[in-house]
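Below is one structure, written out as structure tokens; comments come after it.
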Amino acid sequence: MERGQQMNIKIEFYDVVIVGGGPAGLSAALVLGRSKRKILLIDENKPRHAVTAESHGFLTRDGIKPKEFKKIAKDQVSTYKNVKHKNDCVINVVKSEGFFETETLKGAKYHSRKILFATGIIDQLPRIIGLSEVYGRSAFPCPYCDGWEVKDQPLAVIGNSERIFEYTRSVHNWSPNLILFTNGSANLSLENKRDLVRHNIKVKETKIKQIISNNGMLKRIQLENGTIISRAAAFIEGIKETQSCKIPEKLGCKIDGNGAYITKQNGLSEVPGLYIIGDAKNLFSGLIKSASEGYCAGVSINSEIIREDW
Ligand SMILES: Cc1cc2nc3c(=O)[nH]c(=O)nc-3n(C[C@H](O)[C@H](O)[C@H](O)COP(=O)(O)OP(=O)(O)OC[C@H]3O[C@@H](n4cnc5c(N)ncnc54)[C@H](O)[C@@H]3O)c2cc1C
């Protein structure tokens, strides 16, 4: 049986299969499309920031709705007829001699010279009653993304990892009206605790009973001792980030201690021809860095193909 032929079914061959159609994957698709490459982008369409009403910080797109951002990106990419888009989930990839075989949930198989994973991250929130109702609406992971909209309001930081002091200090930049809820005994040195108090940041160590909200808008935080504290929004630290797609690991790519894929320049992994970009590589890139990495990886992949074919 020849490559591309299985039980008389012709398997489509692409220069690059891109797995994931967030800002990272779509940006790579754009530059590779413009490089005349035959591209297949496969996207399950479950972007990480789908929970938010607005995305911020992307120059020319500040405040855009996530769906609108994706629609504009897809519309622009779709003008390049050499770029195909499939709404599907990649469930397996096998590396064979000189090509990758990609298999999807809908039962399709594709072959490609290169493969790019821009599959993002899944957030696992701390188990606090009421948190998922407000996450993305009035409780956020990143003050650079959402701090401006709640600046100078009564804010909460909820978290207790080893980074909690630095994180709380950052959020204080957006509002000095700040309470840290560690939801248990605080992971802070005495010096750090005193430092927070010196900046008028109260530390509440009592366990949180629940977050009370209305239509996604955080109103109050109730502690297990019955205390109820009014807050307008929260920043959540220490969210567990796990890879959306474990296929690169199966193919031999390494993951660091924080759960991010390890790559070399422009997302090239230890596996020749396999690239990883965006949140999958950085855990939290933001939209603009993800898009930028898509561009750089796209150029790098195209340059590699040019060299190989010269
Ligand atoms: C609450 C919240 C608010 C945020 N707000 C902002 C903001 O205001 N500004 C900002 O810059 N950033 C913001 N971010 C961060 C931003 O969402 C991410 O950094 C960015 O989306 C990462 O882009 P990406 O392309 O790497 O991954 P994603 O955008 O997550 O896209 C990955 C895509 O890959 C698909 N996929 C995964 N596995 C497979 C598979 N096996 N087969 C097919 N498809 C697959 C997913 O379904 C998804 O569509 C926010 C994040 C969160 C959680």
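The values are calculated or read from the model by the stated rules, or taken from the named source; none is laboratory data. Worth saying up front: this structure is predicted, and the values here are computed from it rather than measured. Cβ: placed from backbone, ideal geometry, glycine included. Neighbour counts: every protein chain shown. These accessible areas exclude ligands, DNA and RNA; they are computed on the full protein's heavy atoms, side chains included. Shrake-Rupley method; radii C 1.70, N 1.55, O 1.52, S 1.80 Å.
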Q) Listed residues Ile221, Ile305, Ile211, Ile228; which is surrounded by fewer than 20 Cβ atoms within 10 Å (Cβ to Cβ) and within 30 Å of Gln153 (Cα to Cα)? A) Ile228
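Of all residues being part of a loop (DSSP other than H, G, I, E, B) and within 18 Å of the chain's Cα centre (by Cα) in region 225-252, which is farthest from Lys151 (Cα to Cα)? Just the residue, please.
Let us first name the residues in region 225-252 that are part of a loop (DSSP other than H, G, I, E, B), namely 225-227, 231-232, 237-239, 244-246, 251-252.
This time we only want the ones that are within 18 Å of the chain's Cα centre (by Cα), so: 237-239, 244-246.
Values: Glu237: 18, Gly238: 21, Ile239: 22, Ser244: 32, Cys245: 35, Lys246: 38 Å.
Once the filter is applied, the top-ranked residue is Lys246.
Which residues, taken from region 102-111, are open to solvent by 30 Å² or more (accessible area, probe 1.4 Å) and part of a strand (DSSP E or B)? Reasoning before the result, please.
Our first condition is that a residue be open to solvent by 30 Å² or more (accessible area, probe 1.4 Å); within region 102-111, this holds for 103, 105-107, 109.
Correct list: Glu103, Lys109.
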Q: Those residues that are open to solvent by less than 70 Å² (accessible area, probe 1.4 Å), assigned to a helix (DSSP H, G or I) and out of contact with any Gly (no Cβ under 8 Å at 6 or more places or on another chain), I need them from region 169-191; list them, please.
A: Ser170, His172
Q | Residues satisfying the stated conditions in region 253-307, i.e. over 12 Å from Ala24 (Cβ atoms), in a helix (DSSP H, G or I) and without any contact (Cβ under 8 Å) to a residue 24 or more places away in the chain | A | Ser303, Ile306, Arg307
Q) So which of Asn87, Asn92 ends up being within 11 Å of the ligand (Cβ to nearest atom) and closer than 23 Å to Asp123 by Cβ? A) Asn87
Q.
I'd like the full set of residues that are more than 16 Å from Ala24 (Cα to Cα) and in a loop (DSSP other than H, G, I, E, B), limited to region 57-84.
A. Thr60, Asp62, Gly63, Lys65, Thr79, Tyr80, Lys81, Asn82
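Please verify whether Lys240 is within 16 Å of the ligand (Cβ to nearest atom), touching a residue at least 40 places away in the same chain (Cβ under 8 Å), of a type in the set (Lys, Arg) and open to solvent by 80 Å² or more (accessible area, probe 1.4 Å), treating the condition exactly as stated. Even if it seems obvious, please write down each step before you answer.
Values: within 16 Å of the ligand (Cβ to nearest atom): yes; touching a residue at least 40 places away in the same chain (Cβ under 8 Å): yes; of a type in the set (Lys, Arg): yes; open to solvent by 80 Å² or more (accessible area, probe 1.4 Å): yes.
Yes; evaluated as a whole, the condition is true for this residue.
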Q) Just checking, how many residues over region 132-156 are more than 18 Å from the chain's Cα centre (by Cα), surrounded by 17 or more Cβ atoms within 10 Å (Cβ to Cβ) and among the basic types (Lys, Arg)? A) 0
Q | Top-ranked residue in region 85-101 [being under 21 Å from the mean Cα position of the chain (by Cα) and closer than 19 Å to Ala28 by Cα; ranked as surrounded by the fewest Cβ atoms within 10 Å (Cβ to Cβ)] | A | Asn87
Q: Starting from residues that are open to solvent by less than 20 Å² (accessible area, probe 1.4 Å) and under 19 Å from Arg34 (Cα atoms), keep the ones in region 278-301 and report whichever is nearest to the ligand (Cβ to nearest atom).
A: Ser290
